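First comes the structure, then the notes that go with it.
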Amino acid sequence: MDQDEVIRFVDGLGEVDVMTASRESGAPEIAWGDSFFLYDPDGRARERDGFTPFATVVTRDYPGFDADSDLDRPGVFRVNAAVGRALFEEVVGHAPAAHAEHRVGIDFTELDRLLPHPAYAAQGWVSVLNPGPRTGERIRELLVLARDRAAARHRPRG
């Protein structure tokens, strides 16, 4: 699974705005090439306050903030999904709130393995570098669930 396949898959879920950061998009240069997936039922996701993606594809390190995955290696990218507390715990084996005590010993550079997100685990995000035979199907499922969670948050409460 390459990053273009991930982008096509998420885009195909419907009601999704795929924003790939670039000079033209006005994104900071450090983010150029990274893709952000926003739940977008009305075509106005970028206009709303609080630009909040439900998933991302990241292609490089963010020095001083998010460099644990060593994404600056040739051909390496990371798929990230906001799955929430319960699903995070099911996937990684501990609650997001307990991530700090479990962080030591995690190899965030390992390819094709579902991991807590190195920077956003406490918010219920999981990640995988270069999804392949071990994680490809599961990350697709998690991306669908992340999109569905974003849709549920968007619906008016009655």
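Bear in mind that the values in this text are calculations on the coordinates, not laboratory data. A quick note: this is a predicted structure, and the numbers were derived from the prediction, not measured. Here Cβ is always computed from backbone atoms with ideal geometry, including for glycine, and neighbour counts include all displayed protein chains.
Things worth noting here:
- Dividing the mean sequence gap of close Cα pairs (under 8 Å, 6+ apart) by how many residues the chain holds gives a relative contact order of 20 percent.
- With each label modelled as a point 7 angstrom along the Cα→C-beta vector, the Leu145-Glu47 pair spans 3.4 nm.
- The simple Förster model, with R0 at 22 Å and r as the Cβ-Cβ distance, assigns Asp11 and Gln123 a FRET efficiency of 0.40.
- With a Förster radius of 25 Å applied to the C-beta separation of Asp4 and Phe65, the computed FRET efficiency comes to 0.45.
- Label-to-label distance, nm, for residues given as Ala86 and Val18 (7 Å Cα→Cβ offset): 3.0 nm
- Label-to-label distance, nm, for residues given as Arg73 and Ala100 (7 Å Cα→Cβ offset): 2.9 nm
- Contour minus Cα-Cα distance for Arg153 and Ile30 (0.36 nm per residue): 41.4 nm
- Check: region 61-111 dipole with +1 on Lys, Arg Cβ and -1 on Asp, Glu Cβ, in debye: 140 debye
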